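**Q** Structure provided below as structure tokens; questions to follow.
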């Protein structure tokens, strides 16, 4: 083995100790940019396919939607590069693709609505895709605002009780308003203003997740204290059941006063999962499951709208022309799509009521088939897994619980939506995150994404190098002192 010698006079700087400095950790922002460009290309191509299939021509609307979509997500990427440079590089591209596919499907349903209006000699309604782009712009503005203004997500823990109270107030407002200002399709979950409407429950869920994350961290010892040992399970003490009982009462209150089964399931399910994550005790899941079953039985016995939902779920064709029409049409569309789908623009998803909002999953299943629906669900799965990975990586307990709660609320909402559309569970009225038409859901979910990215940025930021100072006396080199 030979060793080549350096040229004479050459010098190579070396740090003290003879070790080279560690290479700088990559932020993966370039990979994020490339993935966003891929999402832009997929969205634009899908818009072209829809337009060509429906109109047999290409209009300038595509350029309007494509340019606006690209500009919005490139701006969001620039904000992440500036204020969350170490955040997970997959979160924003996945959301961009989901949002883009939702825009494509909304535009496709707009074309179907225009064709139906022309057939009956009516004026074509204003396109909802244009409104969705505006809502997306507002949502991304909120996303950027959170990244810019929230320097440290741990500050939220200081105001947890205030945020929790604000969440309860937002939940209660529609219940106390008259039906003319809050009720849509039988559910009192809206605040209807002259120029727009807002669904406060979408924002309340984030505030309540922050509250429960802070409470579970600060009071964790109470929830992990051993109680009774029953059938191999350590059940909590009766006096420590306060948080889960409060969540149960709030969920039942939402179900009773607002007739909103979806939000009730979402709130209680998220709190239950956060309790389990904080304590690692199966006993909480057992108690939560028992309370959930009890609440369902009581609601079925006491409230007619719950019985109607259950009866429609069991036999949608029994009242096909009334309560069963929506779910029946959804199942017909999914069956028509089959494995590969009818193709973008080639199905009849407009036959399903609320195809742009509650039943956009049925539109995906009909035109993209089982393959396309599985791909969309896979995107959501990756998004949820990356959120949970953030929860594992972050160093503080509050960040862990907050990231886990935010990730699980997306998972539970997706399960409830897809389960309702496919008749796995009764219909609940929730929307598909990032895809369904609507401003409240889109804005709230982008705020949720911003919080996840701030936690991810903190988890992935490399620790600052220790400041160099004078060596300790024990480690200082020996020096020869010369008397002068």
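The values are calculated or read from the model by the stated rules, or taken from the named source; none is laboratory data. Since we're looking at a predicted model, the values are computed, not measured. All Cβ positions, glycine included, derive from the backbone under ideal geometry; neighbour counts span all protein chains shown.
Condition check ((1) over 22 Å from the mean Cα position of the chain (by Cα); (2) surrounded by fewer than 13 Cβ atoms within 10 Å (Cβ to Cβ); (3) in a helix (DSSP H, G or I)) across all residues:
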position	(1), (2), (3)
97	no, no, yes
171	no, no, yes
180	yes, yes, yes
194	yes, yes, no
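**Q** Let me ask something else. Residue 381 - would you say it is under 13 Å from the mean Cα position of the chain (by Cα), part of a helix (DSSP H, G or I), within 24 Å of residue 331 (Cα to Cα) and without any contact (Cβ under 8 Å) to a residue 12 or more places away in the chain?
**A** Taking the combined requirement at face value, the residue satisfies it.
**Q** Hey, another quick one. Could you please give the count of residues in the range 116-131 that are more than 17 Å from residue 195 (Cβ to Cβ) and touching a helix residue (DSSP H, G or I) at 6+ places or on another chain (Cβ under 6 Å)?
**A** 4
**Q** Of (1) closer than 18 Å to residue 209 by Cβ; (2) surrounded by fewer than 19 Cβ atoms within 10 Å (Cβ to Cβ); (3) at pLDDT 95 or above, residue 382 satisfies all except one. Which?
**A** Going through (1) closer than 18 Å to residue 209 by Cβ; (2) surrounded by fewer than 19 Cβ atoms within 10 Å (Cβ to Cβ); (3) at pLDDT 95 or above one by one, residue 382 breaks only (1).
**Q** Could you list, in sequence order, all residues of the range 300-336 that are outside any helix (DSSP H, G or I) and in contact (Cβ under 8 Å) with a residue 24 or more places away in the chain?
**A** Across the range 300-336, the qualifying residue is only 303.
**Q** Right, here's the next one. Kindly indicate whether any position in the range 65-76 is over 23 Å from residue 432 (Cβ atoms), modelled with pLDDT of 95 or more and touching a helix residue (DSSP H, G or I) at 6+ places or on another chain (Cβ under 8 Å).
**A** Taking every residue of the range 65-76 in turn, at least one turns out to be over 23 Å from residue 432 (Cβ atoms), modelled with pLDDT of 95 or more and touching a helix residue (DSSP H, G or I) at 6+ places or on another chain (Cβ under 8 Å).
**Q** Name every residue in the range 337-347 that is surrounded by fewer than 19 Cβ atoms within 10 Å (Cβ to Cβ) and touching a residue at least 60 places away in the same chain (Cβ under 8 Å), in order of residue number.
**A** Result: 343, 346.
**Q** For the list (1) closer than 26 Å to residue 172 by Cβ; (2) under 23 Å from the mean Cα position of the chain (by Cα), I need the number of the one condition that residue 277 fails.
**A** (1)
**Q** Select from the range 311-329 the residues that are surrounded by 15 or more Cβ atoms within 10 Å (Cβ to Cβ), in contact with a helix residue (DSSP H, G or I) (Cβ under 7 Å, 6 or more places away or on another chain) and under 25 Å from residue 296 (Cα atoms) and list them in ascending order.
**A** If the condition is that a residue be surrounded by 15 or more Cβ atoms within 10 Å (Cβ to Cβ), in contact with a helix residue (DSSP H, G or I) (Cβ under 7 Å, 6 or more places away or on another chain) and under 25 Å from residue 296 (Cα atoms), then 312, 316, 323, 324, 327, 328 are the ones that fit.
**Q** OK, next. Can you find even one residue in the range 441-451 that is part of a loop (DSSP other than H, G, I, E, B), under 13 Å from the mean Cα position of the chain (by Cα), surrounded by 23 or more Cβ atoms within 10 Å (Cβ to Cβ) and modelled with pLDDT of 90 or more?
**A** Scanning the range 441-451, I find no residue that is part of a loop (DSSP other than H, G, I, E, B), under 13 Å from the mean Cα position of the chain (by Cα), surrounded by 23 or more Cβ atoms within 10 Å (Cβ to Cβ) and modelled with pLDDT of 90 or more, so the answer is no.
**Q** Moving on. Applying the selection to the range 82-93, what residues are within 21 Å of the chain's Cα centre (by Cα) and assigned to a helix (DSSP H, G or I)?
**A** 83, 91, 92, 93
**Q** Only one of these conditions is not met by residue 82: (1) modelled with pLDDT under 90; (2) over 23 Å from residue 356 (Cα atoms). Which number is it?
**A** Condition not satisfied by residue 82: (1).
**Q** For the range 256-280, which positions are touching a helix residue (DSSP H, G or I) at 6+ places or on another chain (Cβ under 7 Å) and more than 20 Å from residue 184 (Cβ to Cβ)? Let's see the steps before the verdict.
**A** The first filter runs over the range 256-280 and keeps only residues touching a helix residue (DSSP H, G or I) at 6+ places or on another chain (Cβ under 7 Å), leaving 257-279.
Across the range 256-280, the qualifying residues are 268, 269, 270, 271, 272, 273, 274, 275, 276, 277, 278, 279.
**Q** Please determine whether any residue of the range 144-163 is surrounded by 13 or more Cβ atoms within 10 Å (Cβ to Cβ), in contact (Cβ under 8 Å) with a residue 24 or more places away in the chain and not in a helix (DSSP H, G or I).
**A** Yes; the residues of the range 144-163 include at least one that is surrounded by 13 or more Cβ atoms within 10 Å (Cβ to Cβ), in contact (Cβ under 8 Å) with a residue 24 or more places away in the chain and not in a helix (DSSP H, G or I).
**Q** Regarding the range 216-233, can at least one residue be identified that is modelled with pLDDT of 80 or more, within 27 Å of residue 172 (Cβ to Cβ) and more than 24 Å from the chain's Cα centre (by Cα)?
**A** Yes; the residues of the range 216-233 include at least one that is modelled with pLDDT of 80 or more, within 27 Å of residue 172 (Cβ to Cβ) and more than 24 Å from the chain's Cα centre (by Cα).
**Q** Return only the number of the condition from (1) assigned to a helix (DSSP H, G or I); (2) touching a helix residue (DSSP H, G or I) at 6+ places or on another chain (Cβ under 9 Å); (3) surrounded by fewer than 23 Cβ atoms within 10 Å (Cβ to Cβ); (4) at pLDDT below 95 that residue 474 does not satisfy.
**A** In the conditions (1) assigned to a helix (DSSP H, G or I); (2) touching a helix residue (DSSP H, G or I) at 6+ places or on another chain (Cβ under 9 Å); (3) surrounded by fewer than 23 Cβ atoms within 10 Å (Cβ to Cβ); (4) at pLDDT below 95, residue 474 misses (2) alone.
**Q** Quick check on the range 184-199: of everything there that is out of contact with any helix residue (DSSP H, G or I) (no Cβ under 8 Å at 6 or more places or on another chain) and under 17 Å from residue 262 (Cα atoms), which residue is modelled with the highest pLDDT?
**A** 184
**Q** Condition first: in a helix (DSSP H, G or I) and closer than 20 Å to residue 383 by Cα. Can you find one or more residues in the range 52-59 that meet it?
**A** Within the range 52-59, not a single residue is in a helix (DSSP H, G or I) and closer than 20 Å to residue 383 by Cα.
For every residue, the table says whether it meets (1) part of a loop (DSSP other than H, G, I, E, B); (2) within 16 Å of the chain's Cα centre (by Cα); (3) surrounded by fewer than 21 Cβ atoms within 10 Å (Cβ to Cβ).
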{"residue": "354", "(1), (2), (3)": "yes, no, yes"}
{"residue": "357", "(1), (2), (3)": "yes, yes, yes"}
{"residue": "377", "(1), (2), (3)": "no, yes, yes"}
{"residue": "391", "(1), (2), (3)": "no, yes, no"}
{"residue": "417", "(1), (2), (3)": "no, yes, no"}
{"residue": "424", "(1), (2), (3)": "yes, no, yes"}
{"residue": "429", "(1), (2), (3)": "yes, no, no"}
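**Q** Taking into account only those residues within the range 356-378 that are touching a helix residue (DSSP H, G or I) at 6+ places or on another chain (Cβ under 7 Å) and touching a residue at least 60 places away in the same chain (Cβ under 8 Å), which is nearest to residue 97 (Cα to Cα)?
**A** This residue is 376.
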